[in-house]
Amino acid sequence: MNKRTLISSFVLLLSMLACNLPTGNPPPTQTPIVQVITATPMDTPIPTFTLIPTETSLPTFTPTPTIPIAWPLDKGVNCRYGPSTDWVATSSLLVGQNATIQGKNGDATWWYVTVPEDPGNPCWISASVTVTAGNLANLPVIKSPNASVTGVDVKVDPKDINLPGCLGPLQPIKINGSITVNGPTKVDWYFETQQGGSMGTYTLEFDKADTKKVDANFTPSPAAGDFWVKLITVTPNGKVAETKYKISCP
């Protein structure tokens, strides 16, 4: 082998070795692929709030009375002799008082009661101004009372008459009277004098509890002495009032 051929072979060998030698740079590193998985949030239940109950007072137990009672709605009420305002008030029922109900009128607009103020004399109170408790279904219907004359009064003018020698005519005496009733009624009445007797009967009508005036003139006889004058009612009941006049004969 000649020298030229040897050199060429040596160069070729070096070239081959150079191709297989590692370079100074490391092989490239493969970047990993990161897959981001987004989790789908699950529905979160909305919390419910339980209200704490407030303290509630227990209802007060009110026993139902075995006997029906009534009491004033907002102020004291009159208790009357009959079931309407046409009747006189005989007593009253005050706030804070109870009345025992014993009956009613025909349409249950008035109660027939016994009041603490006068338990021995039942009277009537209006249902419209009272509150009731108890069983009202079996209450008896009470008949309205009959009105009556509760008072009479009589006076004369003048009461003293001077008649010298008991001679000569006398001036008339004025008689004034009054009649009081406790409810709607008619009153038959008359005046009576000791010297002249009855002066005739008259009728006086009352549409409610009231007092009315009556009067008359009377001429006495000329005689000395004390003489009476009366006011008398006949119906619905008898009542008598009396007064006197005096005749002096100096």
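A quick yes/no check of all residues on (1) among the acidic types (Asp, Glu); (2) under 45 Å from the mean Cα position of the chain (by Cα); (3) modelled with pLDDT under 95:
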| residue | (1), (2), (3) |
| --- | --- |
| Gly165 | no, no, yes |
| Gln171 | no, no, yes |
| Asn182 | no, yes, no |
| Gln195 | no, no, no |
| Tyr202 | no, yes, no |
| Asp210 | yes, yes, no |
| Thr233 | no, yes, no |
| Cys249 | no, no, yes |
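Tally time: how many residues in the range 128-186 are more than 30 Å from Asp207 (Cα to Cα) and without any contact (Cβ under 8 Å) to a residue 12 or more places away in the chain?
2
Could you check the range 143-168 and list, in sequence order, the residues that are closer than 30 Å to Asn182 by Cβ and touching a Pro at 6+ places or on another chain (Cβ under 8 Å)?
Ser144, Asn146, Ala147, Ser148, Val149
Which one of these is closer than 28 Å to Thr211 by Cα, of a type in the set (S, T, N, Q) and surrounded by fewer than 12 Cβ atoms within 10 Å (Cβ to Cβ): Ser144, Ser178, Ser198?
Testing whether each residue is closer than 28 Å to Thr211 by Cα, of a type in the set (S, T, N, Q) and surrounded by fewer than 12 Cβ atoms within 10 Å (Cβ to Cβ) leaves just Ser198.
With the requirement that a residue be surrounded by 15 or more Cβ atoms within 10 Å (Cβ to Cβ) and in contact with a Ser or Thr (Cβ under 6 Å, 6 or more places away or on another chain), what does the range 215-239 give you?
Residues satisfying the conditions are Phe218, Val229, Pro236, Lys239.
The values are calculated or read from the model by the stated rules, or taken from the named source; none is laboratory data. Since the model is a prediction, treat every value here as computed from it, not as a measurement. Cβ coordinates were reconstructed from backbone atoms using ideal geometry, including for glycine residues, and neighbour counts include every protein chain displayed.
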